[in-house]
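Chemist: The structure under discussion is supplied below as structure tokens; questions concerning it will follow.
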Protein chains: 2
Amino acid sequence: MSSEPQMTRRELIKKGAAAGAVAVAGTGSLSGCSPATPSNLPQKWDREADVVVVGLGGAGAAAAIEAGRAGAKVTVLERMPVAGGSTVLCGGLVYMGGGTPLQRATGFEDSSENMYKYMLAAAGEGADPAMVRIYCDNSVDLYDWLVELGVTFKRSYIPGKWAAVPTDDGLAYTGNELQATYRAIAPPAPRGHHVQGPGETGFVLWPPIKAGVEAVGAEIYYEAPAQRLVVNSEGRVVGVLAEVYGLEEYIKARRGVVLCAGGYAANKEMVAQHCPLYLRSQFQVGTLTDDGSGIRMGQGAGADVRMMGDAFAYSGIYEFGQALVKGILVDDKGRRFIGEDNYGTWVGKALIEGHPVSYVIVDQAIWDEVPELGKKYLTLAGQADSIPELARAAKIAPDLLENTVNFYNERASRGEDPEFLKDERYVVPLENRPFYAINYPAAYVGFFTTGGLKISGKAEVLNAFGKPVPGLYAAGRNAFAVTAEQYPGSGTSVGEALIFGRIAGKGVAALEAWS
Amino acid sequence: MSSEPQMTRRELIKKGAAAGAVAVAGTGSLSGCSPATPSNLPQKWDREADVVVVGLGGAGAAAAIEAGRAGAKVTVLERMPVAGGSTVLCGGLVYMGGGTPLQRATGFEDSSENMYKYMLAAAGEGADPAMVRIYCDNSVDLYDWLVELGVTFKRSYIPGKWAAVPTDDGLAYTGNELQATYRAIAPPAPRGHHVQGPGETGFVLWPPIKAGVEAVGAEIYYEAPAQRLVVNSEGRVVGVLAEVYGLEEYIKARRGVVLCAGGYAANKEMVAQHCPLYLRSQFQVGTLTDDGSGIRMGQGAGADVRMMGDAFAYSGIYEFGQALVKGILVDDKGRRFIGEDNYGTWVGKALIEGHPVSYVIVDQAIWDEVPELGKKYLTLAGQADSIPELARAAKIAPDLLENTVNFYNERASRGEDPEFLKDERYVVPLENRPFYAINYPAAYVGFFTTGGLKISGKAEVLNAFGKPVPGLYAAGRNAFAVTAEQYPGSGTSVGEALIFGRIAGKGVAALEAWS
């Protein structure tokens, strides 16, 4: 049996797509460029615009559209030969609520206040109430904006909990809204809005957004990596030094620059510098251009950062079939540490931070229920007719595992899980031999970074003294916005990118031109 | 019974001293100053020196001494009316090893390699091998340097494990060297070098160091808060804007500036921004001027930061008497999560990050052994004749606590702790009623920050592109150096401050003057 993690189809596609693209745009590495020191204006500007947007994923597109609609001449620089960033690779989910037309049409009540209560609690320690409020209050408007751009959501709800919706249904629970702890905080409502199409529909979501960028007349340069920000002697960001058609060019930004270049999960050195536990994950979610270049460019202009120690870590047990949630997740000491029915980011986080070597323990009855498609991605650490034997086979402390299983079984036979309040549908004693230990390590966790430049509620980039860096905005994973210790639900990153990208685009377009 | 944390004598002194000092230096707040944008040179410099050191604690003093000895004219700016920073308030421990004269004199063998192995493992995820190596390789030299300055260490060893040495003995185990996990990694040696004097002797350590600063002729300005760095058009740090005698002055630094202004534990806003879980602690260790001003000044000049998500968190169970280690530490779910004999930073971290509501469970036999001095700082959450009753009294899940105690007792009666490998001296079953639940929450954890400016092994401050910010050095808690996920042992912060402070002082003095 292999102990190597297996790459899922989705991940293969992402790795493949990203790797190919990077090879083409390879010269865009920032590692060799000079330090981003305060610079005088160049002798000559090679191009100019009102607004320069760095990165054409969801955030950059939203910023470009709003800036363009406000009358600004917009130039967009994209490192890759294709647009879309992580948004085109995503599952096609946008986390929205507060009573969207789709929520109402499918019979769900929601309010901005309930959404806020859930998101603030779910985002965990370090969440910014004001930013979460902005997200929630802009949520219905985002839905309308997407629909107006031509994005469609089917008027249907799919029951269950989904990190990725496998059907073409429009609405799903994609977070931890139904889990006991959070149900007590706010009445649950499904908020994962799934773009109509088969399964993971980032590729369906993206074209109408990109068409929106083109509709406002933005000039888009591909294979055009930004190198650093140009800052004048007053500290105002006045342009970007970038490679365009293979040449270094100074591009003037008369009003300002919006950094939307993604996170830094693909940059192992930065991960080691800020959130080293996440090196335990072997699956970066997103593109290989998520190398933190936008964050570092911002820092070079004096920007502060926020929550660089945290990241998104996903490992949903239900992804392999809901039956697997009936198993118990234990670490190499044989101890449970989280309810198996939690949204995958709660599970992923627990694996990464405290229990890197873990296993799902199931009996034959559960194993029989796990769909073949799920089993395909699972490997066994052991199989045995008794729990102590299973523990020995899988190198789990035998004595401890037996105590855990006995304790669990005794209560599960009454339908109870006093330790983690797992939903009673999943609480059954493990008693049908043989028993299986399924490898479930931190290495399999998918991760991307959520810390980034510190921004205000207006998406202005802030310096270490809490003041805006004049002329500089950021959105998407380039900035920290909503998710903190925890990730509220699938579709939050796309939601953050679009909501704060729109805010940034409106803000930068409204700045007074400096030249 | 009060659920309020009790302030220890030491903490009271620290808070009191710091609060008083800050009131005097009150106008030095950075919150109102203008953003640290690239600035042209001032029309006129009010003072000048070769080297300006910001902050006169251990790091600043070491930098000033070395720069002065190298022939530089040194100016030191200290916000407080007195010198010493956190160093004068510390326990008088310096973590050194690799075969110091004191280690040898007390019969302990140690090598730089063994010290390195322990420190690298103990510092945990995110530790920088090169920086740890520098610390270890400079350790014996630091000992000699201190002795030459007039610091004395008694040639005696005190057995046991001590976060603070209560006697005047010279050498102690102050980290996790003896704990099972780490003993397997490197042969243990005591490395806590305790400055001779009664108990916590930071106040004994400090005067000879300060005298060393005066001996090199450094000009020291008190109540002189630095406001921001002055950066020329090439991005070189050329001076400091500071308040001196109540007036804003530009102080030219012909060679460079060394930032030694401490961490940011006293700045709740920065803690919330970078490591919000530590807001769970109610005891900041250090001075109230640890507000991150030095870190932010560095960022304003383009500096990068490192490991801002982690911090030192201390809660040593043995501090209340070694007997208490015989109890079991459980959270509100009644589950153990760490061996009770671990060095207090392992325990503190576990409380802060995962188990903020916790209790030490003991029986009457253990309780009788806890010294009165220890009991004075402890409060009870409950007392009862059976474990389920105790659990109900203390609001711990009863069923779970009973299982934990039964499981523990069964093995403890054989002298075993298979879960956490607690030292067998502390492994006894809890069976003498009544039982006690002692409050042991994250709120009582003492903390200070360990993340800071990113520096090279030469203590040069690095920008986000990995290049030095010309003319800028940092040391002590103002920078990240050695401690990462974990804190290797008491005396490490003073050691880091002195070792990297010395390196910074030598480095900045060797820079070519820009004017």
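The values are calculated or read from the model by the stated rules, or taken from the named source; none is laboratory data. All values reported here derive from a predicted model rather than from experimental measurement. Here Cβ is always computed from backbone atoms with ideal geometry, including for glycine, and neighbour counts include all displayed protein chains. Note: areas computed on protein heavy atoms with side chains; ligands, DNA, RNA excluded. Shrake-Rupley method; radii C 1.70, N 1.55, O 1.52, S 1.80 Å.
Chemist: Under 12 Å from the Cα of A:K467, which aspartates and glutamates turn up, not counting those fewer than eight places away in the same chain?
Modeler: Reachable aspartates and glutamates: A:D304.
Chemist: Just the accessible area per residue of chain A, please: how many Å² with a 1.4 Å probe?
Modeler: With the other protein chains kept in place, chain A gives 33 Å² per residue.
Chemist: Now a separate question. Give the calculated FRET efficiency between B:D137 and A:A510 to the nearest 0.05, with a Förster radius of 56 Å applied to their Cβ-Cβ distance.
Modeler: 0.50
Chemist: Using a 1.4 Å probe on protein heavy atoms, which residues of segment B:399-420 have at least 40 Å² less accessible area in the complex than alone?
Modeler: Going by heavy-atom accessible area, the residues of segment B:399-420 that drop by at least 40 Å² are B:D399, B:L400, B:N403, B:F407, B:E419.
Chemist: Still on this structure: Going by amide H atoms built from the backbone, whose H comes under 5 Å of the H on A:R228, apart from near neighbours?
Modeler: The list, which skips near neighbours in sequence, is A:L241.
Chemist: Considering the Cα positions of segment A:226-284, please state its Rg to one decimal place and its Dmax as a whole number of Å.
Modeler: Cα radius of gyration and Dmax of segment A:226-284 are 15.8, 43 Å respectively.
Chemist: Could you check the spin-label model distance between A:L41 and B:Q43? Points 7 Å from the Cα along Cα→Cβ, value in nm.
Modeler: Modelled inter-label distance: 2.4 nm.
Chemist: Heavy-atom accessible area of A:E369 with all protein chains present, probe 1.4 Å, nearest 10 Å²?
Modeler: A:E369 has an accessible surface of roughly 100 Å² with all protein chains in place.
Chemist: For segment B:234-321, which whole-number percentage of the solvent-accessible area (1.4 Å probe, protein heavy atoms only) is attributable to carbon and sulfur atoms?
Modeler: Carbon plus sulfur share of accessible area: 48 percent.
Chemist: Then there's this: Could you tell me how far the Cα centroid of segment B:68-112 sits from the Cα centroid of segment A:417-440, in Å?
Modeler: 54 Å
Chemist: So what are the ³J(HN,Hα) numbers for segment B:500-514, from phi and the Karplus equation (6.51, -1.76, 1.60; θ = phi - 60°), rounded to whole Hz, Gly and Pro as x?
Modeler: 6, x, 4, 4, 4, x, 5, x, 5, 5, 8, 5, 6, 5, 8
Chemist: Still on this structure, please answer the following. Return the long-range amide H neighbours of A:L462 (sequence gap of 5 or more, or a different chain), with a cut-off of under 5 Å between placed amide H atoms.
Modeler: Those qualifying (amide H under 5 Å, at least 5 residues apart or on another chain) are A:D304, A:K454, A:I455, A:S456, A:V469.
Chemist: How big is the accessible area of B:H355 in square angstrom, nearest 10, if you roll a 1.4 angstrom probe over the protein chains?
Modeler: 40 Å²
Chemist: Per-residue ellipticity at 222 nm for chain B, helices alone: DSSP H runs ≥ 4 residues times -39500 (n - 2.57), over residue total, nearest 500 deg cm²/dmol?
Modeler: Theoretical 222 nm ellipticity from helices: -9000 deg cm²/dmol.
Chemist: Hey, with R₀ at 51 Å, roughly what FRET efficiency would B:T167 and A:A130 work out to, going by the Cβ-Cβ distance, to 0.05?
Modeler: Using R0 = 51 Å, I get an efficiency of 0.50.
Chemist: To continue, here is another question. Averaged over A:193-206, how many beta carbons belonging to a partner chain fall within 10 Å of each residue's beta carbon?
Modeler: 0
Chemist: Further question: Going by a 1.4 Å probe on protein heavy atoms, which residues of segment B:289-305 end up with at least 50 Å² less accessible surface in the whole assembly than in their chain alone?
Modeler: With the partner chains in place, segment B:289-305 has these residues losing at least 50 Å²: B:R296, B:Q299.
Chemist: Suppose the chain between B:D368 and B:R433 were pulled fully straight at 0.36 nm per residue; how much longer would it get relative to their current alpha carbon spacing?
Modeler: Gain on extension, B:D368 to B:R433, equals 22.2 nm.
Chemist: Could you work out how far helix B:398-412 tilts from the main Cα principal axis of chain B, as a 0 to 90 degree angle to the nearest 10?
Modeler: Taking the Cα atoms of chain B, the angle to B:398-412 is about 90 degrees.
Chemist: Could you derive backbone 3J(HN,Hα) for segment B:61-70 from the dihedral phi with the Karplus parameters 6.51, -1.76 and 1.60 (θ = phi - 60°), listing whole Hz in sequence and x where the residue is Gly or Pro?
Modeler: Along segment B:61-70, the couplings run 5, 4, 5, 5, 4, 5, 5, x, 5, 7 Hz.
Chemist: Using a 7 Å offset from the Cα along the Cα-to-Cβ direction at both A:E234 and A:K268, what is the distance between the two label points in nm, to one decimal?
Modeler: Result: 4.5 nm between the two label points.
Chemist: Tell me which residues come under 5 Å, amide H to amide H, from A:D290 once H is placed; ignore anything under 5 positions away on its chain.
Modeler: A:A266
Chemist: Remind me, what semi-axes does the protein assembly as shown give for its equivalent ellipsoid, largest first in whole Å, using sqrt of 5 times each Cα gyration tensor eigenvalue?
Modeler: 43, 43, 23
Chemist: A further question on this structure: Percent of accessible area on segment B:30-143 owned by carbon and sulfur, 1.4 Å probe?
Modeler: Carbon and sulfur atoms account for 50 percent of the accessible area of segment B:30-143.
Chemist: With chain B rotated onto chain A, spot the residue of B whose Cβ lies nearest the axis and note the distance in whole Å.
Modeler: So the chain B residue sitting closest to the axis is B:G309, 1.
Chemist: Excluding ligands and nucleic acids, what accessible area in Å² is computed for A:W514 using a 1.4 Å probe, to the nearest 10?
Modeler: Here the residue's solvent-accessible area equals roughly 70 Å².
Chemist: Can you give the FRET efficiency for A:K376 and B:N406, using 1/(1 + (r/R0)^6), R0 = 30 Å, r = Cβ-Cβ distance, to the nearest 0.05?
Modeler: With a Förster radius of 30 Å, E is 0.15.
Chemist: Same structure again: Between A:E389 and A:L279, what is the label-point separation in nm under the 7 Å Cα-to-beta-carbon projection?
Modeler: Placing both labels 7 Å along Cα→Cβ, they lie 4.1 nm apart.
Chemist: Distances from A:E372 to the same residue in each other copy, label points 7 Å out along Cα→Cβ, in nm, shortest first?
Modeler: Label-point distances to the other copies, shortest first: 7.6 nm.
Chemist: From the square roots a ≥ b ≥ c of the eigenvalues of the alpha-carbon gyration tensor of segment A:107-192, which class results: rounded (a/c under 1.5), prolate (a/b over b/c), or oblate?
Modeler: oblate
Chemist: Quick one: label points 7 angstrom along Cα→Cβ at B:T167, distances to the other copies in nm, smallest first?
Modeler: So the distances to the same position in the other copies read 7.5 nm.
Chemist: Using only protein heavy atoms and a 1.4 angstrom probe, determine the accessible area buried between A and B, summed over both sides, in Å² to the nearest 100.
Modeler: 4300 Å²
Chemist: Calculate the all-directions average of the projected area of chain A's alpha-carbon convex hull, and give it in nm².
Modeler: So the Cα hull casts an average projection of 22.3 nm².
Chemist: Moving on to the next point. With +1 on the Cβ of every Lys and Arg and -1 on the Cβ of every Asp and Glu, and nothing else charged, how large is the dipole of the protein assembly as shown about its Cα centre, in debye rounded to the nearest 20?
Modeler: In total the dipole reaches around 1800 debye.
Chemist: Roughly speaking, to the nearest percent, how much of segment B:392-503's 1.4 Å accessible area is carbon and sulfur?
Modeler: With neighbouring chains kept in place, the figure for segment B:392-503 is 49 percent.
Chemist: Compute accessible area for segment B:441-455 by itself and then with all protein chains, 1.4 Å probe, and report residues whose area falls by 10 Å² or more.
Modeler: B:K454
Chemist: Let me ask another. Let me know the volume per residue of the alpha-carbon convex hull for segment A:84-148, in Å³.
Modeler: 108 Å³
Chemist: Right, next: Taking B:P198 in one copy and the same position in all the others, each labelled 7 Å out along Cα→Cβ, what are the pairwise distances from the first, in nm, shortest first?
Modeler: 8.2
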